[in-house]
1. What is the gain in length, in nm to one decimal, between PHE10 and ALA118 on full extension, counting 0.36 nm per residue of separation less the C-alpha to C-alpha distance?
2. Please compute the modelled spin-label separation between LEU65 and ARG194, points set 7 Å along Cα→Cβ, answer in nm with one decimal.
3. What does the charge count around GLY50 come to, taking other residues whose C-beta lies under 13 Å from its C-beta (Lys +1, Arg +1, Asp -1, Glu -1)?
4. With each label point set 7 Å from Cα along the Cα-Cβ vector, what nm distance links ARG111 and VAL156?
Amino acid sequence: MNNGLSGFSFGYLVVVSFWTVLLAELVADKSIYGIASLSLRFRPAAVFTGITLAYSGKMLAAVLLAKVLSQFHFWTDLLSAVAFFVSAIIIWLKEPEPVTKEGPANASWWRAIVVCFASVFLTEWGDPSQIAVAALSVKSHLMLAPWLGGTLAMAVKGGLAMLVGITLRDRLPQTTLRTLATASFCVLGILALRGLWN
């Protein structure tokens with residue numbers, strides 16, 4: 001008799017991972033606000049590329065380091081806070097650029113990807129979605145299906161957050177958007193610091 005989820009198909013595990021992670025992320029995640037803020041400043045394709053690469057890496061770490069991930073709560077909260085504050089500084093200090101339908105006209109594609117990747121990859125380690133993917137990986141004795149489902153769910157969540165940011169970008173002046181994006185990352189940094197003492 002099979003133990004845990006090891007008897008289920010690859011497709012089933014991808015779907016279970018996808019829905020588990022998507023629901024956890026839509027209910028209990030702060031990075032939605034960070035992604036919306038990033039989409040205020042950079043082209044959608046660059047934001048989506050950067051965040052999807054970051055989420056892919058985080059889900060890979062979750063399946064590879066399933067049991068170790070949750071033991072570094074203090075350091076991951078500290079790293080998250082630093083990453084949020086650095087993102088806020090970058091957004092605040094960067095002068096507003098002319099905006100086209102695709103986003104800021106002069107934003108370097110690779111710079112935008114790096115900023116978006118770092119803003120997502122360096123924050124919120126050991127969150128419910130990573131723990132869920134790690135648990136599914138341990139129970140199923142598979143890595144690819146939970147990783148794929150988790151990565152797809154995070155990409156969908158990131159896309160939804162980008163829609164919010166793009167909608168705001170099309171309706172508000174650049175100075176207001178820069179202030180909102182900076183404030184959003186500062187609040188996220190403060191919330192991450194609060195996690196150090198909880």
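Bear in mind these aren't lab numbers, they're just calculated from the coordinates by the rules spelled out. Every value quoted in this text rests on a predicted model; they were computed, and no experiment measured them. Note: ideal-geometry Cβ built from the backbone for every residue, glycine included; neighbour counts use all protein chains shown.
1. Additional length available on full extension: 35.8 nm.
2. Result: 2.6 nm between the two label points.
3. Once positives and negatives cancel, what remains is +4.
4. Label-label distance for ARG111 and VAL156, simple model: 3.5 nm.
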